[in-house]
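What follows draws every value from the coordinates through simple rules; no lab data is involved. Nothing here was measured: the structure is a model prediction, and the numbers come from that model. Cβ atoms come from the backbone with ideal geometry, glycine included; neighbour counts cover every protein chain shown.
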Amino acid sequence: MGISQVSIFLENRAGGLADVTDVLAQNDIDIRALTLADMADFGILRLIVDDPDRTRNVLKAAGFTADKTRVVAVEVPDKPGGLAATLRALRQGKVNVEYMYFAARTRAGRAVLIFRFDELDRALDVLREAGVVVLSTLNAV
Amino acid sequence: MSTWNDPAGGFHPVSVTDYLPRARLEEIQLQRLRSVVTRAYDRVDLFRGRMEERKLTPASIRHLEDLAQLPFTVKADLRDTYPFGLFASPMEEIVRLHASSGTTGKPIVVAYTREDIEVWKEVMVRTFVSCGVHRGDVIQNCYGYGLFTGGLGAHYGGEALGATVIPMSGGNNERQLMVMHDFGVTVVCSTPSYFLHLVEHAQHARTPVRVRVGVFGAEPWSEAMRQRIQSDTGIRAYDIYGLSEIIGPGVGAECSAQAGLHLFEDHFLPEIIDPATGQVLPDGTEGELVLTTLSKQAMPMIRYRTRDVTTLVPEPCSCGRTLRRIRRIERRSDDMFIIRGVNVFPSQVETALLQVEGTLPHYEIVLTREKGLDQMEVRVEVTPEVFSDTMRALEAVHKKLADAVDHILGIRVAVTLVEPRSIARSEGKAKRVIDKRKL
């Protein structure tokens with residue numbers, strides 16, 4: 001369980017991000033979720049896309065360092081406290097969140113969160129036990 | 001004897017040798033050359049073996065020009081015979097060892113007998129006198145004390161001159177400036193970039209100082225940088241030259257004319273060669289400087305290839321010294337470069353990166369000079385093997401690379417992770433070093 005995320009190494013330079021999105025556009029790749037982590041000298045772009053394998057391949061062919069990682073997509077009610085319930089469950093289960101971000105597109109009244117865990121399988125158990133909705137794909141959203 | 005009383009340099013009896021008539025100097029050189037070649041032949045396997053291969057004996061040296069028949073010695077010879085293979089004196093006669101960084105982690109070791117230390121003191125006294133330093137001066141010696149020859153070389157020379165020496169070593173800018181101010185320092189020995197760095201610092205601290213002379217060496221610098229230092233600070237900035245393999249600092253020094261560095265030719269016999277063919281070039285032609293130690297006991301060097309590119313200036317100098325001069329050294333005939341006084345070979349950086357990765361990454365070294373201080377950046381391409389989607393893991397890789405480079409070079413440099421293919425690929429031998437420093 002879990003979905004594939006593509007992560008890309010980015011140098012800190014003007015136009016670096018646009019170089020990646022150009023490649024995605026030229027290859028008709030649809031972005032479902034995105035986050036950019038930035039340090040002083042470099043950044044990591046993380047993407048959920050409709051076809052992660054093809055995305056990684058076209059980026060590699062274009063000269064980028066790209067990698068695929070398993071992450072967890074969770075759907076929560078889009079209302080105050082919607083996120084809190086999920087995080088409470090993770091805290092109770094003592095599961096570490098490496099990082100998390102929101103998906104761009106969701107069903108009405110729902111929000112989709114992408115979680116990166118160190119211990120993915122245990123995190124999934126904790127989430128399911130708490131009755132959190134774990135998605136197997138973002139393509140249907 | 002007013003001719004050897006350099007008006008800018010004061011007077012010291014030992015400097016008399018700087019003003020010998022050329023014919024007399026050459027007599028001394030030949031006599032000492034024959035003696036050092038005999039010593040090397042009799043006592044060092046490597047030298048004897050190489051001379052025998054060429055069917056030469058010490059008796060083959062009848063004129064100074066005969067030196068050109070002798071084989072060269074290179075840095076690799078010191079490494080291959082590590083640690084003591086080139087010593088010509090038994091350990092009982094050796095009173096000091098120094099070492100400098102090598103290309104493969106192992107340093108090269110150099111040795112001194114008591115007589116060698118005396119010669120070293122003498123040439124450092126002549127260096128100071130040439131730079132206008134005299135008794136009564138207070139010398140702040142920022143050259144590193146320890147295995148590096150710079151610190152102790154300048155220290156003993158300064159004391160022998162009769163000046164007051166403060167053994168500071170490098171680092172701790174606040175304390176350097178406090179001492180400079182409170183102790184009435186008149187002479188600073190350091191790399192030129194470190195002095196500029198201190199000056200920058202002092203401007204913030206607004207500390208007035210009495211420094212009159214800078215004795216600068218251990219890294220390449222330019223006439224433009226000298227002019228800047230002199231006009232910004234009002235001191236006289238002199239270039240000195242030396243290398244551990246020959247003796248340390250004290251091989252050559254500028255005089256009041258500031259027009260090239262006089263080599264102390266009675267102890268170090270210079271030649272200029274074509275680095276590609278090894279042919280000796282006439283004075284006035286640019287090439288690689290080759291030095292033969294004429295009086296070294298513990299570790300004679302016969303035709304040592306310095307890899308420093310310069311020109312021998314035969315014309316008499318306005319200061320009256322008869323010693324030939326070399327032009328300021330601004331480049332080398334190999335890929336070594338000097339950063340903050342530390343010799344660095346790109347291969348050392350490569351070794352460090354390999355320790356972390358296990359695979360050879362693409363990298364380049366970018367050298368810049370910011371506010372007079374040398375900066376070195378190692379740009380490493382991020383390969384799929386080291387890439388991670390988490391900052392924590394990527395930061396850890398970054399730190400490991402920086403630590404490995406730090407460990408091997410002994411200095412902290414910037415390590416930057418870059419995208420693949422952002423480093424230019426060249427045909428054949430990769431261009432690893434991009435030197436953007438304006439000397």
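Tabulated data
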{"item": "The protein assembly as shown: proportion of alpha-carbon pairs further apart than 42 angstrom, %", "result": "40 percent"}
{"item": "Rounded FRET efficiency, nearest 0.05, which uses the C-beta distance separating B:Thr383 from A:Ala108 and R0 of 25 Å", "result": "0.05"}
{"item": "Mean separation of Cα contacts under 8 Å (6+ apart) over length of chain A, as relative contact order %", "result": "28 percent"}
{"item": "Taking the stretch B:310-356 and dividing mean pair separation by its residue count, relative contact order in percent (alpha carbons under 8 Å, at least six apart)", "result": "25 percent"}
{"item": "Compactness of the stretch B:154-295, expressed as Rg and Dmax over alpha-carbon positions, Å", "result": "17.2, 54"}
{"item": "³J(HN,Hα), Karplus 6.51/-1.76/1.60, whole Hz, each residue of the stretch B:126-143, x for Gly, Pro", "result": "5, 4, 5, 4, 4, 8, x, 9, 9, 4, x, 6, 10, 9, 9, 9, 8, 5"}
{"item": "Largest-first principal axis extents of the Cα set of the stretch B:159-218 (Å)", "result": "35, 26, 19"}
{"item": "Computed E for B:His63/B:Arg421 - FRET, C-beta separation, R0 60 angstrom, nearest 0.05", "result": "0.55"}
{"item": "Relative contact order, percent, chain B [alpha-carbon distance under 8 Å, six or more residues apart]", "result": "15 percent"}
{"item": "Debye, to nearest 20: dipole size of the protein assembly as shown, +1 on Lys, Arg Cβ, -1 on Asp, Glu Cβ", "result": "600 debye"}
{"item": "Approximate spin-label separation A:Lys94-A:Arg54, in nm, with each point projected 7 Å along Cα-to-Cβ", "result": "4.4 nm"}
{"item": "Equivalent-ellipsoid semi-axes of chain B, from the Cα gyration tensor, Å, largest first", "result": "36, 30, 19"}
{"item": "Extreme residue, positive dipole direction of the stretch B:43-95, given options B:Phe72, B:Phe47, B:Gly85 (C-beta unit charges)", "result": "B:Phe72"}
{"item": "Stretch gain in nm, segment B:Val366-B:Thr38, where the contour uses 0.36 nm per residue and the Cα spacing is subtracted", "result": "113.5 nm"}
{"item": "Number of partner chain Cβ atoms within 10 Å, mean per residue of A:37-46", "result": "4"}
{"item": "Among B:Ala352, B:Ala23, B:Ala404, residue whose mean-square fluctuation peaks in a GNM of chain B (springs only between Cα atoms under 10 Å)", "result": "B:Ala23"}
{"item": "Translational diffusion of the stretch B:178-260, µm² s⁻¹ [Kirkwood Rh, Cα pairs; Stokes-Einstein; 4 °C; 1.567 mPa s]", "result": "97 µm²/s"}
{"item": "Helical mean residue ellipticity (222 nm; -39500 (n - 2.57) per DSSP H run of 4+; nearest 500) of the protein assembly as shown", "result": "-9500 deg cm²/dmol"}
{"item": "Burial order of peptide ranges B:220-230, B:296-306 (average beta-carbon count within 10 Å, highest first)", "result": "B:296-306, B:220-230"}
{"item": "GNM flexibility winner over chain B from B:Val133, B:Val165, B:Val415 (Cα, springs under 10 Å)", "result": "B:Val415"}
{"item": "Most mobile of A:Phe42, A:Phe64, A:Phe117 in a GNM of chain A (Cα contacts under 10 Å)", "result": "A:Phe42"}
{"item": "Neighbouring partner chain Cβ atoms per residue of A:12-22, average, 10 Å criterion", "result": "1"}
{"item": "Rg in Å to one decimal, and Dmax rounded to a whole Å, for the stretch A:67-133 via C-alpha atoms", "result": "11.5, 34"}
{"item": "Set of aspartates and glutamates near A:Lys94 by C-alpha distance (under 19 Å), chain-local residues within fewer than 8 positions excluded", "result": "A:Asp118, A:Glu119, A:Asp121, A:Asp125, A:Glu129"}
{"item": "Debye intensity ratio in log₁₀ form over the Cα atoms of the stretch B:102-183, taken at each q of 0.20, 0.26 Å⁻¹", "result": "-0.94, -1.23"}
{"item": "Calculated FRET efficiency for the pair A:Asp22/B:Arg331, C-beta based, R₀ 45 Å, to 0.05", "result": "0.60"}
{"item": "Projected label distance in nm at B:Lys431 and B:Glu118, using a 7 Å step from Cα toward the beta-carbon", "result": "5.2 nm"}
{"item": "Packing-based ranking, highest mean first, of A:119-127, A:88-96 given that Cβ atoms within 10 Å are counted", "result": "A:119-127, A:88-96"}
{"item": "Overall dimensions of chain A as given by Cα atoms, namely Rg and Dmax in Å", "result": "15.7, 45"}
{"item": "Amide H contacts under 5 Å for B:Arg236, placed H, 5+ residues apart", "result": "B:Val213, B:Gly214"}
{"item": "Amide N of the stretch A:1-17 lying under 15 Å from the label point, which is placed 7 angstrom from the Cα of A:Arg128 along Cα→Cβ", "result": "A:1-3"}
{"item": "The stretch B:45-170, Cα convex hull volume normalised per residue, Å³", "result": "146 Å³"}
{"item": "Rounded to 5, percent antiparallel among DSSP beta bridges of the protein assembly as shown", "result": "75 percent"}
{"item": "Computed lengthening from B:Ser231 to B:Glu53, 0.36 nm per intervening residue step minus Cα-Cα distance", "result": "58.6 nm"}
{"item": "Set B:Lys75/B:Lys296; B:Lys75/B:Lys371; B:Lys106/B:Lys400 screened for pairs whose C-alpha atoms are more than 25 Å apart", "result": "B:Lys75/B:Lys371"}
{"item": "Per residue convex hull volume, Cα atoms of the stretch B:223-375, in Å³", "result": "151 Å³"}
{"item": "Share antiparallel - DSSP beta bridges, chain B, percent rounded to 5", "result": "65 percent"}
{"item": "Averaged over B:385-395, number of beta-carbon atoms from partner chains that fall within 10 Å", "result": "6"}
{"item": "The stretch B:43-83: Rg to Rh, with Rh as the Kirkwood radius over Cα pairs", "result": "1.01"}
